[in-house]
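Here's the structure we're looking at; comments come further down.
Bear in mind that the values in this text are calculations on the coordinates, not laboratory data. Only a predicted model underlies this, so the values are computations on that prediction, with no experimental measurement involved. All Cβ positions, glycine included, derive from the backbone under ideal geometry; neighbour counts span all protein chains shown.
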Amino acid sequence: MRIAQVAPLYESVPPRLYGGTERVVSYLTEELVRRGHDVTLFASGDSRTSAKLVAICPQALRLGGAVDQMCHHILMLEKVFQLADSFDIIHFHCEYLHFPLSRRFAKVPVVTTLHGRLDLPDIRPIYEEFRDQPVVSISDAQRRPLPFLNWQRTVYHGLPADLYTFHEKPGDYLAFLGRISPEKRVDRAIEIARRAGMRIKIAAKIDVADRAYYEEKIRPLMQDPLVEFIGEIGEKEKDEFLGNAYALLFPIDWPEPFGLVMIEALACGTPVIAYPHGSVPEVLEDGVTGFIVRSIDEAVAAVERIPEIDRRACRAAFERRFTAERMAEDYLAVYTKLIEEKAAALVGD
């Protein structure tokens, strides 16, 4: 199958440090190539891939200091549609940006994985207009604000099975991994650790937009002797960071579309303590791969119950549900369906 993968340009594929969407695009692309498919990746020039790379800009936009980020994405769309006839299917990961072109000019089937939150009022009108476009969700919870879309399937994210190693013995610290932002609630994580009397290590990115929030709300909390702020880490550091943790804290306060860090922890055998927002009840098995809690008191009690969780069960759940191999199989089923539907439509015309 000749497949185009179209990634956002904010991070390289895979990212050097933080980045969820581009990381998933990388895992999917490499697994499709491994299976023998002819894959072309549209991404930044510093991306690393075994697919054919069409480099749109020399460097990922977040790290390259681009002033106008949209112009690079418009250029990417032009290049994708110039080459559209070279593909059997085009898989977009840049939300709704391409919808007007896909509706008018694509002679080949297209599909879009929506990676972000869908409950924002500003985006509803564009999705109402383009409700014909085939889309994939990354959790069933993500779909709820826009049930009328042309949903093809929910495809959970997956990681290469050998990306992280199983750590049988837990460490003596709690872990927080992600972004410093109001919705991720690192303040809750710190309070949970403080009340539990455990050290917490925080590996997190601070975006420019969240710098004031960090300085005003979070930085003072970092003075607690139980808190160790590591900063932003990349994939190579995650295995040790997550694998050696007692548990991962995921006390979010927003409708998380998926939460890649949860399955990264499970791949290491590390249980997760999380609030029940967005995808969390779909990803975690309460009492098996961690605990779903609704308050700081419940989270502290869950920390005390972590010895009840079998770390082998966490790894087994990852291998059963969240590998890149399973993810690729799901997407290939979507591709095949859309290709067959497009062929039938052309015959009908």
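Can you list the equivalent-ellipsoid semi-axes of the chain, largest first and in whole Å, using the square root of 5 times each Cα gyration tensor eigenvalue?
36, 21, 19
Cut-off under 30 Å on the C-alpha distance; same-chain residues fewer than 8 positions from Lys342 excluded. Which lysines are left, in chain and number order?
The qualifying lysines are Lys52, Lys79, Lys107.
Go ahead and set up a Gaussian network model of the chain, Cα springs under 10 Å, then flag whichever of Val110, Val280, Val288 fluctuates most.
Checking each option, the largest mean-square fluctuation is seen for Val288.
Name the long-range amide H neighbours of Thr323: under 5 Å, sequence gap of 5 or more, or other chain; modelled H, no Pro or chain starts.
Leu159
Run the reach check for Lys184 against aspartates and glutamates, Cα to Cα strictly under 17 Å, same-chain hits fewer than 8 apart removed. What comes back?
Hits, sequence-local ones excluded: Asp119, Asp207, Asp210, Glu215, Glu216, Glu232, Asp253, Glu256, Glu264.
Identify the trypsin sites (Lys or Arg not before Pro) of the range 226-328 meeting these criteria: DSSP loop state and at most 15 other C-beta atoms within 10 Å of the C-beta. Please list the in-between numbers first.
Values: sites: Lys236, Lys238, Arg294, Arg305, Arg311, Arg312, Arg315, Arg320, Arg321, Arg326; in loops: Arg294.
In loop regions of the range 226-328 (DSSP not H, G, I, E or B), the sparsely surrounded trypsin sites (Lys or Arg not before Pro) are Arg294.
Taking Rh as the Kirkwood radius computed over C-alpha pairs, what is the Stokes-Einstein D of the range 173-321 at 25 °C in a medium of viscosity 0.890 mPa s, expressed in µm² per second?
Once the numbers are plugged in, D ends up at 163 µm²/s.
GNM, the chain, Cα, under 10 Å: largest mean-square fluctuation among Gln223, Gln152, Gln133?
Greatest mean-square fluctuation among the candidates belongs to Gln223.
Given the alpha-carbon gyration tensor of the range 302-349, what are the semi-axes of its equivalent ellipsoid in whole angstrom, ordered largest first, with each equal to the square root of 5 times an eigenvalue?
Working: eigenvalues 380, 19, 5 Å².
Result for the range 302-349: semi-axes of 44, 10, 5 Å.
How much net charge surrounds Ile230 when only the other residues with a Cβ under 9 Å from the Cβ of Ile230 are counted, with Lys and Arg +1 and Asp and Glu -1?
In short, -2.
At a Cα cut-off below 18 Å, give the lysines reachable from Lys236, other chains included and same-chain residues fewer than 8 away excluded.
Result set, ordered by chain and number: Lys201, Lys205.
When the Karplus curve 6.51 cos²θ - 1.76 cosθ + 1.60 is applied with θ = phi - 60°, which whole-Hz ³J(HN,Hα) does each residue of the range 280-295 get, with x for Gly and Pro?
3, x, 7, 7, 8, 9, 4, x, 10, 10, x, 9, 9, 10, 10, 7
Counting only other residues whose beta carbon sits under 15 Å from that of Asp210, what net charge do I get with K and R as +1, D and E as -1?
Details: positive: Arg62, Arg179, Lys184, Arg185, Lys205, Arg211, Lys217, Arg219; negative: Glu183, Asp187, Asp207, Glu215, Glu216, Glu232, Asp253.
Once positives and negatives cancel, what remains is +1.
About the Cα centre, and with charges only on the beta carbon of Lys, Arg (+1) and Asp, Glu (-1), how big is the dipole of the range 229-349? Nearest 20 debye, please.
Working: 12 positive and 23 negative charges, 47 e Å.
Value, rounded to 20: 220 debye.
Among Gly158, Gly197, Gly259, determine the one that fluctuates most according to a GNM of the chain built with springs between C-alpha atoms less than 10 Å apart.
Gly197
If you place +1 on the Cβ of every Lys and Arg and -1 on the Cβ of every Asp and Glu, how big does the dipole about the Cα centre of the chain come out, in debye to the nearest 20?
That gives the chain a dipole magnitude of about 220 debye.
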